[in-house]
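Participant: My structure is below; once you've seen it, I'll send some questions.
The values are calculated or read from the model by the stated rules, or taken from the named source; none is laboratory data. Keep in mind that this is a model prediction, so the values were computed, not measured. Cβ sites come from the backbone with ideal geometry, for glycine too, and all protein chains shown count toward neighbours. Side chains included, ligands, DNA and RNA excluded: accessible areas come from the protein's heavy atoms. Shrake-Rupley method; radii C 1.70, N 1.55, O 1.52, S 1.80 Å.
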Amino acid sequence: MEEHKKKKNSKNQIPAPEENAGKESIKDEKNVKGEETEEIEELRKKLEQKEKEAKENHDRLLRMAADLENFKKRAAKEKEEWIKFANEDLLKGILPFVDNLERAVSHSEKAADIQGLVDGVKLTVQQLLQTLKQFGVTSFETVGKPFDPAVHEAMLVVETDQQEPNHVMQEFQKGYLLNDRLLRPATVSVSKPPEETQKPE
């Protein structure tokens with residue numbers, strides 16, 4: 001009887017090998033599922049982080065695009081303003097000469113002193129040329145110089161033996177440079193050697 005009890009107790013204490021194997025496999029499956037769940041959760045967090053970064057980058061890109069567009073509009077407006085008022089200083093400098101010429105005309109209508117009028121106009125022209133020089137506008141000499149199509153515009157060709165061929169004889173309109181670049185060519189007459197007349201036999 002005691003032996004039977006001992007056998008019964010020993011059966012309760014040590015589980016059968018098949019039961020043990022079943023429990024271990026269930027435990028392994030739970031461990032695998034747990035690891036998979038953790039991995040999925042980690043991937044989900046990473047995905048959320050990347051989506052957040054992508055949204056931030058997209059918002060930043062939109063802001064940069066808007067800033068660039070605003071900059072383009074502002075630059076175009078500033079350029080337009082600059083073109084409109086680029087010559088403001090020059091025009092301010094010229095206005096006093098307009099005033100002087102208007103005064104000279106008004107004076108000439110009342111006075112009989114023509115020489116005074118001529119002297120006043122000459123003085124005004126000199127002042128005007130000085131102001132233009134301050135802005136880089138200068139004239140250049142042409143008479144007696146070799147003809148240069150880069151700065152001269154020939155209006156007449158004159159046959160003469162008083163001047164070397166292909167030289168400027170007369171200046172009809174002065175030429176001007178702006179900071180050493182041609183602003184307006186001088187209109188001139190140019191010399192050429194006379195054709196020899198045939199002597200009668």
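Participant: Please identify the pairs in which a residue from region 172-193 that is free of Cβ contacts under 8 Å to residues at least 24 places away in the same chain has its Cβ atom under 7 Å from the Cβ atom of a residue that is surrounded by 15 or more Cβ atoms within 10 Å (Cβ to Cβ) and of a type outside the set (Phe, Trp, Tyr), counting only partners at least 6 apart or on another chain.
Facilitator: Between residues of region 172-193 that are free of Cβ contacts under 8 Å to residues at least 24 places away in the same chain and residues that are surrounded by 15 or more Cβ atoms within 10 Å (Cβ to Cβ) and of a type outside the set (Phe, Trp, Tyr), the close pairs are 172/187; 172/188; 173/186; 173/187; 184/175.
Participant: Determine which single condition residue 174 fails, assuming it passes every other condition in (1) loosely packed, with under 12 Cβ neighbours inside 10 Å; (2) under 43 Å from the mean Cα position of the chain (by Cα); (3) among the charged types (D, E, K, R).
Facilitator: Tallying (1) loosely packed, with under 12 Cβ neighbours inside 10 Å; (2) under 43 Å from the mean Cα position of the chain (by Cα); (3) among the charged types (D, E, K, R), residue 174 fails exactly one: (1).
Participant: Between 69, 56, 81, which is at pLDDT 85 or above, under 30 Å from residue 135 (Cβ atoms) and surrounded by 10 or more Cβ atoms within 10 Å (Cβ to Cβ)? Before the answer, list the steps.
Facilitator: Values: 69 fails: under 30 Å from residue 135 (Cβ atoms); 56 fails: under 30 Å from residue 135 (Cβ atoms).
Exactly one residue qualifies, and that residue is 81.
Participant: Residues that are at positive phi and either assigned to a helix (DSSP H, G or I) or not polar (S, T, N, Q) (or both): does region 97-111 have at least one?
Facilitator: no
Participant: Name, by its number, the condition in (1) open to solvent by less than 50 Å² (accessible area, probe 1.4 Å); (2) under 21 Å from residue 94 (Cα atoms); (3) part of a strand (DSSP E or B) that does not hold for residue 120.
Facilitator: Result: residue 120 passes all but (3).
Participant: What number of residues within region 126-174 satisfy the criterion of being more than 30 Å from residue 100 (Cα to Cα) and either touching a helix residue (DSSP H, G or I) at 6+ places or on another chain (Cβ under 6 Å) or assigned to a loop (DSSP other than H, G, I, E, B) (or both)?
Facilitator: 15
Participant: Pick from 105, 190, 143: which is at pLDDT 95 or above and over 30 Å from residue 86 (Cα atoms)?
Facilitator: Numbers: 105 fails: at pLDDT 95 or above; 143 fails: at pLDDT 95 or above.
Residue meeting the stated conditions: 190.
Participant: Let me ask something else about it. Look through 12, 31, 20 and report the one residue that is at pLDDT below 85, polar (S, T, N, Q), over 30 Å from residue 118 (Cβ atoms) and open to solvent by 100 Å² or more (accessible area, probe 1.4 Å).
Facilitator: Numbers: 31 fails: open to solvent by 100 Å² or more (accessible area, probe 1.4 Å); 20 fails: open to solvent by 100 Å² or more (accessible area, probe 1.4 Å).
None of the other options fit; the residue is 12.
Participant: Here's a follow-up. Got a number for residues in region 128-150 being closer than 27 Å to residue 93 by Cα and open to solvent by less than 70 Å² (accessible area, probe 1.4 Å)? Before you say what the answer is, go through the steps one by one.
Facilitator: Of the residues in region 128-150, the ones closer than 27 Å to residue 93 by Cα are 128-141.
Those left that are additionally open to solvent by less than 70 Å² (accessible area, probe 1.4 Å): 128, 131-132, 136-140.
Adding up the residues that qualify gives 8.
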